[in-house]
Protein chains: 2
Amino acid sequence: MLALRTHIENYTSTTLSDNDFALVAAAFTPKRLRRRQYLLQEGEVCKYFAFVLEGALRQYSVNNKGVEHILHFAVENWWIGDRESFVMLTPSPYNIDALEDSHLLLITHPQLQELMLTVPAMTRLVRELDQRNFIATQRRLHASFGSTAEERYAELQQQHPDFLQRFPQHMIASYLGVTAETLSRVRQKATRQ
Amino acid sequence: MLALRTHIENYTSTTLSDNDFALVAAAFTPKRLRRRQYLLQEGEVCKYFAFVLEGALRQYSVNNKGVEHILHFAVENWWIGDRESFVMLTPSPYNIDALEDSHLLLITHPQLQELMLTVPAMTRLVRELDQRNFIATQRRLHASFGSTAEERYAELQQQHPDFLQRFPQHMIASYLGVTAETLSRVRQKATRQ
């Protein structure tokens, strides 16, 4: 739980009182997932948002040819969940599964709403995360239109070098929206430079 | 200004006091753009966020082959601006220009921050818009990966049928991330059905 406290304090530039943190801690439920277990499966409503204490997960969709497309990775101190389904209670088009044995803290939408009313820092946290997520997602959309495989790889290398070490190549390729062959060629060129 | 008041009240389920609305009105500057004039040019910092009273604009980038990619359209009662550049003061990779003669209300980041402190409904509005924008942008990212031209066209037809009437075909194609030829084929198929 300490990681969550630090995370909230860092992102909101606030010091949480012990009382506020007790309210936060009470709203979350710990959950362990083994590698390959699902937090969310396509067609379900996303009941929980998860804060990652330990491990790694991915959010992806599978198109009607069976090809996986990874939208997001989440590692320690990140959040993962399908925001649209979580808020609107619509069936999710995404799967979220664990890439490593993971330790999560889960919260439901009613619990989060309640917590935002009682702990003002949580409102600031959600606002800050929404803003960052919007910016990050817009960057990815921009990249999906305009940029070459080289540019996408270079941006990932700059923003999240840990991903390149931590996740298998075919998943990195899926995240970048390029084929495994293209990624392999780009990597060889990048290491030669 | 009345349209802005209605917009804030609708999105936040609040009734603004006249005093609060006077603070809101004082923070915005009216601006007229003729068709083809820019609100933002690539490389500039996005100094203003704009609320559209009348007209239509697009946000787009141009890749190094000179191809335009449209990220967003904005019409009456929408907001437009590069959020990342607006918040972080970084040079924007986007252009925003008017597709029709437009009448806007502009606000700077310091003015918006100030307004969020004095008028609580503005904080709720920004949170609501961030959430909707995040969801909409994630949908577009999802579409850019997984879906066919037919699916993208059908989604646009469902979500924003007005866009199909209002904007030229080559811009709709650019927004959907397909070629003009593909769009034309998809449209013919859709109208035959």
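Key figures for this structure:
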| quantity | calculated |
| --- | --- |
| Relative contact order %, the stretch B:1-72, counting alpha carbon pairs below 8 Å whose residues are six or more apart | 21 percent |
| Alpha-carbon centroid distance for the pair the stretch A:31-99 / the stretch B:86-154, whole angstrom | 24 Å |
| Global geometry of the protein assembly as shown, whether rounded, prolate or oblate, following the gyration tensor of its Cα atoms and the 1.5 cut on a/c | oblate |
| Mean Cα-pair separation over length for the stretch A:147-193, i.e. relative contact order, pairs under 8 Å, 6 or more apart, % | 41 percent |
| Prolate/oblate/rounded label for the stretch B:147-193 (Cα gyration tensor, a/c 1.5) | rounded |
| Averaged over B:78-85, number of beta-carbon atoms from partner chains that fall within 10 Å | 2 |
| Cβ-based charge dipole, the stretch B:147-193, positive-most Cα from B:191, B:167, B:178 | B:191 |
| Simple spin-label estimate for residue A:23 and residue A:123 in nanometres, 7 Å along Cα-Cβ | 1.1 nm |
| Relative contact order for chain B, counting Cα pairs under 8 Å that sit 6 or more residues apart, in percent | 24 percent |
| Charged-residue dipole, Cβ positions (Lys, Arg, Asp, Glu), the protein assembly as shown about Cα centre, Debye nearest 20 | 1020 debye |
| Residue-span extension gain [residue A:90 to residue A:192] - 0.36 nm each, minus C-alpha spacing | 32.0 nm |
| For residues of B:55-65, the mean tally of beta carbons on other chains within 10 Å | 2 |
| Test item: Cα-centred dipole of chain A, Lys/Arg +1 and Asp/Glu -1 on Cβ, debye | 540 debye |
| Sites residue B:169 and residue A:108, calculated FRET efficiency, Cβ-Cβ separation with R0 35 Å, nearest 0.05 | 0.20 |
| Assigned charges on the beta-carbon of Lys, Arg, Asp, Glu; the stretch A:6-90 dipole about Cα centre (debye) | 460 debye |
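None of the figures in this text is laboratory data; all of them are computed from the coordinates on show. As the structure is a prediction and not an experimental result, all values here were calculated from the model. Using ideal geometry, Cβ is built from the backbone for each residue, glycine included, and neighbour counts are taken over all protein chains shown.
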